1. I'm checking my understanding of the structure. Among residues of segment 102-123 that are part of a loop (DSSP other than H, G, I, E, B) and at pLDDT 80 or above, which one is nearest to Asp151 (Cα to Cα)?
2. Check whether at least one residue in segment 78-101 is surrounded by fewer than 18 Cβ atoms within 10 Å (Cβ to Cβ), at pLDDT below 95, in a strand (DSSP E or B) and not β-branched (Val, Ile, Thr), and report yes or no.
3. Could you go through segment 158-174 and let me know if any residue there is of a type outside the set (Ser, Thr, Tyr), modelled with pLDDT under 95, over 11 Å from Phe82 (Cβ atoms) and surrounded by 15 or more Cβ atoms within 10 Å (Cβ to Cβ).
4. Looking at the structure I just gave you, is Leu10 at pLDDT 80 or above and either touching a helix residue (DSSP H, G or I) at 6+ places or on another chain (Cβ under 7 Å) or buried (at least 19 other Cβ atoms within 10 Å of the Cβ) (or both)?
Amino acid sequence: MRPYFCLPFLISPVLSGFLNVTVDDTNPRIAYSPQNAWNLVDSSQNNSQTEPDTGRAYNYTLHKAKSIASDGALSLFANITFTGSAVYVFGALAGAPSTTPSTLIGFYIDGQLINNFTSPEQIMSSPSAYNVSLFSKTGLGDGEHILNIADGPDSLVLLDYIVYTTEDENTLPSSSSSPLPLSHVTAKVVATAVIVPIVAFLLSVIAFCVYRRRRQRRKTANLPYLRNWKRDTVTPVPMPAMNSWSIEPITLPPSHPASGYVNGSGKPATKSVPSAPPSSITGSQLAAAYRTVSEAPKSFQTDARTEVSSASTSTYGKVIYIHGLSGDSYSTYLHS
C-alpha cells in the first residue's frame with residue numbers, strides 16, 4: 001500500500017494567530033497608587049456638569065486621577081503586568097467647560113520610559129473626546145512585561161481600558177473583548193485574507209487523502225478475488241474417430257436388370273430379364289467386361305477394388321455383373 005501523507009498538524013500553527021486581550025479600568029489586574037488618588041467615574045455621575053459622560057466609555061466606566069502642582073513630589077501611577085508582544089492604552093480627554101489643565105502622561109515598560117502623551121490644545125476648547133488612543137507599543141518580545149502609567153504634574157488622567165496582544169491563549173486570564181486598534185484591525189484583515197486560502201487548501205489536501213485511502217481500501221478488499229481469478233480454458237473437442245469401412249458381400253436380388261444401375265438399397269431398375277444360373281465366360285469376354293468399367297460411374301473408375309462378381313446367360317447373350325467393394329453395382333451386356 002502506498003503511504004499517504006495528510007497534513008492536519010499544519011492547521012494548528014496556522015489557526016493559532018495573535019489574540020488581543022482587553023482589560024477594563026475596573027479589572028483588579030490594574031493596580032492604582034495611591035489608591036485613594038484614583039476615583040471611579042460611572043453612570044451614576046453622568047448628570048454631573050464636572051464629570052465626563054461615561055455612557056460613551058467602554059463598559060460605562062472611567063478611572064480619573066488629578067495631580068496638582070502644589071502636591072510636590074506626589075506621583076500617581078497605574079500599572080499592569082501582561083504577557084504579550086504589544087500593548088495599547090485608551091482613555092478620554094476632558095474639554096470645555098473643564099478648568100482642569102491638559103493631560104500629561106508618561107508611559108514606562110519594564111522601567112524604561114517609552115513615550116509621553118500631551119493632549120492637543122484643540123481638545124481644551126471642544127467637548128470631551130472618548131476612546132482616544134493615548135499610547136501604543138508593538139514589537140515587544142513575547143514575554144512578561146510591566147506597563148506603568150504615570151500622571152504628570154498639574155495633569156488630568158481619564159483611563160478607560162488597556163489592550164495587549166499575546167500568542168498563547170491558554171495562559172491568558174479571563175477578560176472581555178474590545179474593539180481593536182485601527183492598525184491591528186488592518187493586520188487582522190490581512191491575516192484573515194492569508195489564512196483562509198491556506199486553510200481551504202489544507203482541507204482540500206485532507207479530503208484528497210481520505211478519498212485516496214478509501215479507494216485503496218476498496219482495491220485491497222477485492223485483491224483476493226483478483227488473485228484467485230483464472231481465465232476460462234477451452235478444451236478442444238476431439239473429432240469423432242473414423243471407423244474403418246467393413247466390406248461385406250452384396251446379395252443380389254432374384255431378378256436383375258438387363259442393363260443400367262442398381263442403387264444401394266438393392267432394388268432393381270424398372271426393366272429386368274429373367275434370372276439364369278451363372279455360367280462360365282471366356283477370357284476375352286471378361287476382358288471386354290473390364291473395359292466397360294471405363295463407362296461405369298466414377299465410383300467404379302476410381303475404385304481399384306472393382307471385380308466381376310457373376311455372369312448369366314440370356315437369349316441376348318452374356319450379362320456380366322460387376323460390383324465395387326464400396327457397395328455399388330454395375331452390369332454390362334455382352335453379345336454371344
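The values are calculated or read from the model by the stated rules, or taken from the named source; none is laboratory data. This structure is a prediction, so every number in the text was calculated from the model and none was measured. FYI the Cβ positions are ideal-geometry reconstructions off the backbone, even for glycines, and counts take in every protein chain you see.
1. Filtering segment 102-123 for residues part of a loop (DSSP other than H, G, I, E, B) gives 102-103, 110-111, 119-120.
With at pLDDT 80 or above added as a condition, the list becomes 103, 110-111, 119.
Details: Thr103: 8, Asp110: 17, Gly111: 15, Ser119: 13 Å.
Looking at residues that are part of a loop (DSSP other than H, G, I, E, B) and at pLDDT 80 or above, I get Thr103.
2. So far as segment 78-101 goes, no, none of its residues is surrounded by fewer than 18 Cβ atoms within 10 Å (Cβ to Cβ), at pLDDT below 95, in a strand (DSSP E or B) and not β-branched (Val, Ile, Thr).
3. First, pick out the residues of segment 158-174 that are of a type outside the set (Ser, Thr, Tyr): 158-160, 162-163, 167-170, 172-173.
Now narrow it down to the ones that are modelled with pLDDT under 95: 158, 167-170, 172-173.
Within this subset, residues satisfying the condition of being over 11 Å from Phe82 (Cβ atoms) are 158, 167-170.
Subsequent filtering for residues that are surrounded by 15 or more Cβ atoms within 10 Å (Cβ to Cβ) retains 158.
There is at least one residue in segment 158-174 that is of a type outside the set (Ser, Thr, Tyr), modelled with pLDDT under 95, over 11 Å from Phe82 (Cβ atoms) and surrounded by 15 or more Cβ atoms within 10 Å (Cβ to Cβ).
4. Values: at pLDDT 80 or above: no; either touching a helix residue (DSSP H, G or I) at 6+ places or on another chain (Cβ under 7 Å) or buried (at least 19 other Cβ atoms within 10 Å of the Cβ) (or both): yes.
Here the answer is no, as Leu10 does not meet what is asked.
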